[in-house]
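Single-structure report; data block below.
No value in this document is a laboratory result; all are computed from the given coordinates. The model shown is predicted, which means the values in this text are computed figures rather than measured ones.
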Amino acid sequence: MSGMLTDKVVLVTAAAGAGLGYATALRCAQEGARPVISDIHERRLAEAAERLAKETGADPIAIPCDVSDTAQVDALVEQAVERAGRIDVLVNNAGMGGDQAVVEMTDAEWDKVIDISLTSVFRVTRAVLRHMLPRESGVIVNLASVSGWRAQERQAHYAAAKAGVMAFTRCVAMEAAPAGVRVNAVAPSLAMHPFLEKTVSAELLKELTSKEAFGRAASPEEVANVVLFLASDLSSYMTGEVVSVSNQHP
């Protein structure tokens, strides 16, 4: 490894599973960062911290947080700054999907997906910017999705949320630029991990895979590598961008 994030403190939300959050925390730790990981699932979060320490030798900080709760989000950022000294990089990874036709979708189904996949990005970003802007330093990377560009049946709530993440990223980038804080997003298409295989039908996964240029899904590590690039100084002149990790973009 080349030490792309040596001595950087990187906060990653929804990092306790086997997907993009943990893969991102792992890659950042491998590049010299001190990871601060958060998740709503406390037991899995503790296990993830233990795995990170064992696999990288890092000293991760694990802070439970429900990103749908503003008070918990604010406490997460306060504790991260108190325990690690600062936050250099934020990776907004929390999100959730769904599978429902609009005519059958309830207000609760719509609200939950929008809240976790879009509003949580606002909550955590707001809290972290209050720390980064006075320091005039920092990087934010949001997890969007190619669903924010493409049309897909029964995904209106998720697609709307991810399109919102893209627009939010561009707007916040302009607000943060005078302080030297960069804000970008990554838009994966299909990144395969165990949770996805359990929650999405084999038929749909086969259909989505067939649309990929390489005829396969990305691994979480392949998406994490793009997040790592945007978090590092290698992308020092990039802000307000949405980088597709796929061929599935306009």
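For the range 69-121, what percent of Cα pairs sit more than 18 Å apart? Percent of Cα pairs beyond 18 Å in the range 69-121: 47. One chain, two ends: ALA108 and SER137. Fully extended at 0.36 nm per residue, the span grows by 6.6 nm beyond their Cα-Cα distance.
Can you pull a Stokes-Einstein diffusion coefficient for the range 1-128 at 20 °C (1.002 mPa s), Rh from Kirkwood over Cα pairs, as a whole number of µm²/s? Once the numbers are plugged in, D ends up at 143 µm²/s.
For ARG83 and GLU221 in the same chain, what is the full-extension length gain: residue separation times 0.36 nm, less their Cα-Cα distance, in nm? If you can, show how the numbers build up before the last one.
On the way: separation 138, 0.36 × 138 = 49.68 nm, distance 2.74 nm.
My answer for the length gained is 46.9 nm.
So if I take the centroid of the Cα atoms in the range 1-79 and the same for the range 216-230, what is the distance between those two points in Å? The two parts, judged by their Cα centres, are 16 Å apart.
Mean projected area of the convex hull spanned by the Cα atoms of the range 42-100, taken over all viewing directions: 5.5 nm².
For the chain, the longest principal axis of the alpha carbon atoms and the long axis of helix 42-56 meet at an angle near 60°. Largest GNM mean-square fluctuation among PHE214, PHE168, PHE229, using the chain with Cα springs under 10 Å: PHE214. Seen against the Cα atoms of the chain and their longest principal axis, helix 156-176 is set at about 30 degrees. Taken one residue at a time, the phi angles of the range 75-92 give Karplus couplings (6.51, -1.76, 1.60, θ = phi - 60°) of 5, 4, 5, 4, 5, 4, 5, 5, 8, 9, x, 5, 10, 8, 9, 10, 10, 7 Hz. Gly and Pro are set to x.
The mean of 1/r over all pairs of different alpha-carbon atoms in the range 117-250, once inverted, gives a Kirkwood hydrodynamic radius of 15.6 Å.
Extension gain for LEU204 to GLU50 (0.36 nm times residue separation, less C-alpha to C-alpha distance): 52.0 nm.
Rg over Rh for the range 88-193 works out to 1.02, both radii taken from alpha-carbon positions and Rh defined as the Kirkwood radius. A straight Cα-to-Cα reach below 21 Å connects LYS162 with the lysines LYS112, LYS211, residues fewer than 8 places away in its own chain not being considered. Each eigenvalue of the Cα gyration tensor of the chain, multiplied by 5 and square-rooted, gives one semi-axis; in descending order these are 27, 20, 19 Å.
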